[in-house]
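Reading through the structure tokens given below for one structure.
Only the coordinates and a few stated rules stand behind these numbers; no lab work does. Since this is a predicted model, take the numbers as computed values, not measurements. Heads up, the Cβs are rebuilt from the backbone with ideal geometry, glycines too, and the neighbour counts pull from every protein chain shown.
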Amino acid sequence: GENVEQHPSTLSVQEGDSAVIKCTYSDSASNYFPWYKQELGKRPQLIIDIRSNVGEKKDQRIAVTLNKTAKHFSLHITETQPEDSAVYFCAVKQADSSYKLIFGSGTRLLVRP
Amino acid sequence: GAGVSQTPSNKVTEKGKYVELRCDPISGHTALYWYRQSLGQGPEFLIYFQGTGAADDSGLPNDRFFAVRPEGSVSTLKIQRTERGDSAVYLCASSLTGPNQPQHFGDGTRLSIL
């Protein structure tokens, strides 16, 4: 089955700097890659997603890039703010008939004011 | 409209007891998913419903776990003979039908087995 690895497990940046989180996956047929933000005790919130026919997608300060050949995708957050502090999870949907998501282990992002 | 609603928000029970966790999806979402999240981990898939039927139950850990969605809307996750290892946050998500539709999560039920 699909295997998703996420790095780093923790990331600390100064306010205003950029943050990059990377995920790798094993199944080359996987075709949908969402990113979720989860604050302590709260629900995972979808912040951006990308499909396998697109290489990059941006939404204000957040962008996701996908390299299908290398089987990795990354979340980029620019001009970080303290409210960006949270745990971020990548996920992968396999290309089989099920719509289940396979999640990475998470990255705890701390933005220092 | 309202998001995914899960009840109860917290459930504490003794080992060996039976529990039911409820999920009310976003109106109009025919796909519904249950995930389990242990402390410090990403959500782990349990089961996926398309309408009333379980389209994929490959993530259910054993036969103590069962889920239903009799009318294609509200779903109930049922756990029999609970064990301490069942303690986790149980998350429900829903989406529109079709591949690559965004899944939207509820706040989860924090289940603690004493």
### Query
Which of the listed residues, B:PRO43, B:ILE113, B:CYS92, is farthest toward the dipole's positive end in the stretch B:34-114, when Lys, Arg count +1 and Asp, Glu count -1 at the beta-carbon?
B:ILE113
### Message
Which one, B:GLY72, B:GLY85, B:GLY40, has the greatest fluctuation when you compute a Gaussian network model over chain B with C-alpha springs under 10 angstrom?
### Response
B:GLY40
### Query
If you take the alpha carbon radius of gyration of the stretch A:1-64 and divide it by 2.2 N^0.38 Å, what ratio comes out, to two decimals?
1.24
### Message
Give me the inter-chain shielding for A:81-90: mean count of other chain Cβ atoms within 10 Å, whole number please.
### Response
1
### Query
Regarding the stretch B:1-89, what is the average projected area of its C-alpha convex hull, in nm²?
5.9
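What whole-number volume per residue, in cubic angstrom, does the convex hull of the C-alpha atoms of chain A give?
Numbers: hull volume 10.7 nm³, N = 113.
Dividing the Cα hull volume of chain A by its residues yields 94 Å³.
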### Query
the stretch B:49-114 to the stretch A:81-113: how many Å between their Cα centroids?
20
### Message
What's the magnitude of the charge dipole for the stretch B:22-82 around its Cα centre, counting Lys and Arg as +1 and Asp and Glu as -1 at the beta-carbon? Answer in Debye, nearest 20.
### Response
220
### Query
Which whole-number percent gives the relative contact order of chain A, counting Cα pairs below 8 Å spaced six or more residues apart?
37
### Task
Take every residue in peptide B:38-47, count the Cβ atoms of other chains within 10 Å of its Cβ, and give the average of those counts.
5
### Query
What size of dipole, in debye to the nearest 20, comes out for the stretch A:11-113 about its Cα centre when the only charges are +1 on Lys and Arg C-beta atoms and -1 on Asp and Glu C-beta atoms?
280
### Query
In chain B, what percentage of the DSSP-assigned beta bridges are antiparallel, given to the nearest 5?
90
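Given contacts defined as C-alpha pairs under 8 Å and at least six residues apart, what's the relative contact order of chain B, whole-number percent?
Relative contact order here is 37 percent.
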### Query
For the modelled label position 7 Å from the Cα of B:GLU20 along Cα-to-Cβ, which residues of the stretch B:49-68 have backbone nitrogen atoms closer than 12 Å?
B:68
### Query
Computed on alpha carbon atoms, what radius of gyration and Dmax characterise the protein assembly as shown, expressed in Å?
17.6, 51
### Task
Return a single number: how many Lys pairs in the protein assembly as shown, at a sequence separation of 8 or more or on separate chains, have alpha-carbon atoms below 17 angstrom apart.
16
#### Entry: DSSP bridge pairs, chain A: antiparallel proportion in percent, nearest 5
90
